[in-house]
């Protein structure tokens, strides 16, 4: 099912001129794994890594950009140590993360949204959790909503 979802996304992105995708290099996939990216995100990048970014109403980052988002940019540098892996953003800079702390019965991680305005570099888990807004029950559902331009893009502000 995920392959069909990715193919549909790639078709939409190409049709609207929202960027380009290609399979990620083995080296980039290794870097993503070492950084703690979950398997569903690795599988996506294996088939469709953005050339920088793919953009519709939101952005999905390349591995290189996602690594920067998770280590050198707020809120990702505060979120990733707590298991929230940034891979996409709103146009305003709020972060979509895969929540690796939670797994559904089907083994899927939900996708959550955090504001870049209220989470600072020194945010603790008790600071972060009340601001967690689930936008998709799985990464695949996120991709469908991204493609259909039906994603929630307004985070919680506390």
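We did not get these values from a lab; they are worked out from the coordinates using the rules stated. These figures come from a predicted structure and were not determined experimentally. All Cβ positions, even for glycine, are placed from backbone atoms using ideal geometry, and neighbour counts span all protein chains on display.
If I ask for residues that are under 25 Å from residue 74 (Cβ atoms) and either under 17 Å from the mean Cα position of the chain (by Cα) or free of Cβ contacts under 8 Å to residues at least 40 places away in the same chain (or both), which ones from segment 99-118 would you list? Passing the criteria: 99, 100, 101, 102, 109, 110, 111, 112, 113, 114, 115, 116. Of the residues making up segment 83-104, none is farther than 26 Å from residue 26 by Cβ and assigned to a helix (DSSP H, G or I). Being crowded, with 21+ Cβ neighbours inside 10 Å and either out of contact with any strand residue (DSSP E or B) (no Cβ under 9 Å at 6 or more places or on another chain) or assigned to a helix (DSSP H, G or I) (or both) is a property that residue 70 has. Taking the listed residues 4, 33, the one that is under 15 Å from residue 145 (Cα atoms), surrounded by fewer than 18 Cβ atoms within 10 Å (Cβ to Cβ) and more than 12 Å from the chain's Cα centre (by Cα) is 4, with no other qualifying. So, of the residues in segment 36-58 that are more than 19 Å from residue 148 (Cα to Cα) and assigned to a loop (DSSP other than H, G, I, E, B), which turns out to be farthest from the chain's Cα centre (by Cα)? Looking at the filtered set, the residue picked out is 51.
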